[in-house]
Amino acid sequence: MKSKNTRDLTPYQGVTVGFFATDPNFPDQILAGLNVRDRRLFDVYRLNVRTGALELDKENPGDVGGWTADNNLQVRAAQVQLLDGGTEIRLRDDPKSPWRSFQKWGPDERFGGIVGFTPDNRGVYLTSSVGANAARLLEVDLVSGQTKVVAEDRQFDVGGHDDASEETHPRGCPVCARAQ
């Protein structure tokens, strides 16, 4: 930024780039989704903004619509749209571990997904309306499976969360209400 030099770090014709994860602890790295290999799919690439090096981090097997990185900038969650219209969340313990199904819900539960990992990376925050009238923000311990409601409204969906600037737990959570 200081040099004010501009350079294209993803010089691929016809490719769409989506930056989805950065972390102040890794200031030279960005995780980005690029559809280089297949225009229909976004693979995860690790971009070194200092050197311009771009390396494939995780290849999309063909059904992943979204990825989530943990607090070490490692891709550990994938959100999949199932053939029946439902959703599956897949997790892995680390980049070398196999993926496992974490949660599935049917096509009637259209609002939800991983929001992020807890500060120690041993749990996840997710929004889900499963078992409730409206989507709630939940914290799920990945070892015990224990679920804790972080924010909810009995009538209206939560609408994401506001991260604390120096911590990685939610500081606030808006509720989406419609005027009647």
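Here are the numbers for this structure:
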| read-out | value |
| --- | --- |
| Positive minus negative residues near residue 52 (Lys, Arg vs Asp, Glu; Cβ under 10 Å) | +1 |
| When the stretch 1-62 is reduced to its Cα atoms, the Kirkwood hydrodynamic radius in Å | 12.4 Å |
| Distant-in-sequence amide H partners of residue 60 (H built 1.01 Å from N, under 5 Å) | 43, 44 |
| Qualifying trypsin sites (Lys or Arg not before Pro) for the stretch 1-58 [loop in DSSP, other Cβ within 10 Å: at most 15] | 2, 4, 7, 37, 39, 40, 50 |
| Protection proxy ranking of 122-129, 27-34 - average other beta-carbon atoms within 10 Å, highest first | 122-129, 27-34 |
| Given the chain, longest segment not containing exposed loop GluC sites (Glu not before Pro) (DSSP; at most 11 other Cβ within 10 Å) | 1-165 |
| Spread of Cα-to-Cα distances over 5 Å intervals beginning at zero, given as percent, for the chain | 1, 7, 15, 18, 19, 16, 12, 7, 4, 1, 0 |
| About the Cα centre, charge dipole magnitude for the chain (Lys/Arg +1, Asp/Glu -1 at Cβ), debye | 380 debye |
| The stretch 1-49 and the stretch 59-90: distance between their alpha carbon centers, rounded to Å | 18 Å |
| Summed side-chain charge close to residue 29 - residues other than residue 29 whose Cβ falls under 15 Å, Lys, Arg +1, Asp, Glu -1 | -2 |
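Taken together, the values in this text are just the output of simple stated rules run on the coordinates, not laboratory data. Everything numeric in this text was worked out from a predicted model, so none of it was measured. Here Cβ is always computed from backbone atoms with ideal geometry, including for glycine, and neighbour counts include all displayed protein chains.
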